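Each remark here refers to the structure printed beneath this line.
We did not get these values from a lab; they are worked out from the coordinates using the rules stated. The shown structure was predicted, so the numbers you read here are calculated from the model rather than taken from an experiment. With ideal geometry, Cβ positions are generated from the backbone for all residues, glycine too; neighbour counts draw on all protein chains shown.
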Amino acid sequence: MLSVARVIPLGGRIALTTQRVIPKRFIASQLHTPKVPVELTNETVKNFSYDEQKDWDLLRVALTKYTDNGALDIPLIIDGKKVYKENTLPQVNPAKHSQVLAQVSQASEEDVLSAINSAKRAKSEWLRTPWTDRAAIFLKAADLISTKYRYDMLAATMLGQGKNVYQAEIDSIAELCDFFRFNVKYAEEMYGVQPIKSSPGVWNRAEYRPLEGFVYAVTPFNFTAIAANLVGAPALVGNTVVWKPSATAALSNYILMNILEEAGLPKGVINFIPGEPNMVTDNVLEDPEFSALHFTGSTQVFKSLYGKINSNVAADKYRDFPRIVGETGGKNFHLIHPSASIDHSVLSTLRGAFEYQGQKCSATSRLYVPNSIWSEFKEKLIAGVETITIGNTSDSSTIHEFMGPVIHEQSFNKLSLAIDEAKQDSELEIIAGGEYDKTNGYYVQPTIVQAKSKDHPFLKNEFFGPLLTVYVYPDNEFVPILNAIDSTTKYGLTGSVFARDRSAVRVAEEALRYSAGNFYINDKCTGAVVGQQWFGGARASGTNDKAGSGNILSRFVSVRNIKENFYELTDYKYPSNYS
């Protein structure tokens, strides 16, 4: 226990005495909650237009930092310590798979257990850390990302995850900073929600406790910002986290972890554990203090984890009922009404289907167009696809390309197989694209397939790449096609209707109520902005807990209600007990 000299008056004299300084874990409840110093505006997105040469120059310098100095050695981070392992996995540039960006240490079973124990040890101090201290860490991290490390984050995301500069900017800078800042505001508002009534002589209050155990975050390759939110949201409200990053996003995720530490994140609050997914997960889910899963990834993997957790609950393995929060796949639609603007609908579909190679959970992968406008729509859609450029978006000579590579060979093989199947299927016609090449990088042309049947598997299955399936419907079957959209797939993530006829919009909005957790009118079905469009879907698309809203934070707290009585009883009987 620390002590300091204190001057106090004593009988008219001045005397020196000592007073124990109480550690912050004991004084957190005594601090009031000031308003956070954040004006809630979304981070400005740099457009990287031709005349913004300074931004381009800084970006090129950052890119060479990760390409000209050999592969970066990425360790585990357990209890604030960097642990380098002999067992490593290379992370390559998907646009140039001969280029190794990083050698990523792979956790052993012992490392996973160490990470879990580290999270447990850090918990008691972290949950008692004043709210202002926790908030300050994430606010500072956002400022570091938007200033000091902006171009490092861009470069790492472009190189490792195959994004062009604009896609990397809206992800690893704008959305990431928005998550950290808006979550702080959402937490402030959540803590401020208290019981609205107290009887005379009673004070009722609510305490938003972090979950009792630790949180397991499983993060995807396609958005650096999602990784930040999956670990940041639980930690902000007092939880500690075991983090398994995607193998194909390790570089950007490791830089993010270092930024959080520079911002003041205490050791053990977040433990960075790249490793073989099944081994890491099995060890985490076996721990009795596992309290929550925060997941973004494939539907099948999420179902598997859900089943394992439920089996363990039934076996009475856990102290609590673990929270399960997940955002998974989608088979997202654009529905075009005969009254729609053709030009606007075409351009929106090109963006929705092919930006970032269709590797967004929300990407447009099925398109419904009325027969009366199909000829013009098709002509303009194909013309647009033919102007899409594709190449290595992290190379100076091709840095302005619209599309880059798909993430890895597994994805490439899945997409190339689907394209080959389409070429052999009499019920399908490839009307644009259809080529692929993995000689140097994992490149798949933007491809459009027309299906003769509205029930074709290509309108049901998720491919997670630049493959769009279109179905042309009779104009007088607008209502039946709504039923087909709603029932064709198991997903319910995003979707759009394009129409100038307001009655058609109303019919579609009501018929497709459960078809999309994010529903757009005359806009593409991608691009949800934190604080503006809360993101998430139901059905096979996840638990719809809405990242980018305050709702997500409520999933990582457990409310305790406290009633304090100021009156003393004088009798145990109630008035009705007397005759």
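Here, the stretch 310-415 has an Rg and a Dmax of 20.1, 61 Å when only alpha carbons are counted.
For the stretch 408-501, the square roots a ≥ b ≥ c of the C-alpha gyration tensor eigenvalues yield an a/c of 1.5 or more together with a/b exceeding b/c, which makes the shape prolate.
Straight-line reach from K452: taking Cα to Cα under 19 Å and skipping same-chain neighbours fewer than 8 places apart, the aspartates and glutamates in range are E376, E379, D420, E421, D425, E427, E429, E462, D475, E477, D486. Each Lys or Arg adds one and each Asp or Glu subtracts one; over the other residues with Cβ under 11 Å from the Cβ of P446, this totals -3.
Report D for the chain in µm² per second (integer): Stokes-Einstein, Kirkwood Rh on Cα pairs, 25 °C, 0.890 mPa s. It would help to have the intermediate numbers written out before the result.
Details: Rh = 25.9 Å.
It comes out at roughly 95 µm²/s.
The separation of the stretch 204-247 from the stretch 445-524, counted between C-alpha centres, amounts to 33 Å.
So what is the calculated 222 nm ellipticity per residue for the chain, using -39500 (n - 2.57) for each DSSP H run with n of 4 or more, over all residues, to the nearest 500 deg cm²/dmol?
Working: 17 runs with 209 residues, N = 579.
Here the helix-only value at 222 nm equals -11500 deg cm²/dmol.
With charges set only on the Cβ (+1 for Lys and Arg, -1 for Asp and Glu), what does the dipole of the stretch 456-579 come to about its Cα centre, in debye to the nearest 20?
Values: 13 positive and 12 negative charges, 36 e Å.
Here the size comes out at about 180 debye.
Please name whichever of W243, A135, V112 sits farthest to the positive end of the charge dipole of the stretch 37-328, dipole taken about the Cα centre and charges placed at Cβ: Lys and Arg +1, Asp and Glu -1. So the residue furthest toward the plus end is A135. In plain terms, the chain from R500 to S98 could stretch by 139.8 nm, reckoned as 0.36 nm per residue minus the Cα-Cα distance. Excluding same-chain neighbours fewer than eight residues apart, the lysines reachable from K414 by a Cα-Cα span under 18 Å are K331, K360, K423, K438, K460.
Expressed as a whole percent, the proportion of Cα-Cα pairs in the stretch 332-531 lying more than 23 Å apart is 40%.
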